[in-house]
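Accompanying notes for the structure given below.
Every read-out reported here was derived from the displayed coordinates using simple, explicitly stated rules and does not represent laboratory data. In this text, all values refer to a predicted model and were calculated from it rather than measured experimentally. For neighbour counting, all protein chains shown are included, and Cβ atoms are generated from backbone atoms with ideal geometry for every residue, glycine included.
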């Protein structure tokens, strides 16, 4: 087995061998006034692949990790990961998973 194709970057360790990670789960749940009978849950996963100039990697990581922390605190953000390729440290993948509850129109 080789090394993983990418690694999560961030301040806290992950239980997965060979990967440093950050928790990507938000503290926020569904709005308290929404019930299952009037709510449709919608999900969206965004994946972004970036190639950063080598001289800007450290600055990019600093800014992107701050952005990821802010995004995780937004309502509906369930996960936001920043991954750095192990074999190509200037390549990054951003993964964001969003979910929201939309009210159905009254009958």
* Between residue 100 and residue 63, what length comes free when the chain is fully extended (0.36 nm per residue of separation minus the Cα-Cα distance, one decimal in nm)? -> 10.7 nm
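Applying 1/(1 + (r/R0)^6) with R0 = 25 Å to the Cβ-Cβ distance of residue 39 and residue 71, what FRET efficiency is obtained, to the nearest 0.05? Spell out each step's value before the answer.
Working: r = 23 Å, r/R0 = 0.91.
In this case the efficiency is close to 0.65.
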* First measure r as the distance between the Cβ atoms of residue 50 and residue 86, then evaluate 1/(1 + (r/R0)^6) with R0 = 25 Å and state the FRET efficiency to the nearest 0.05. => 0.95
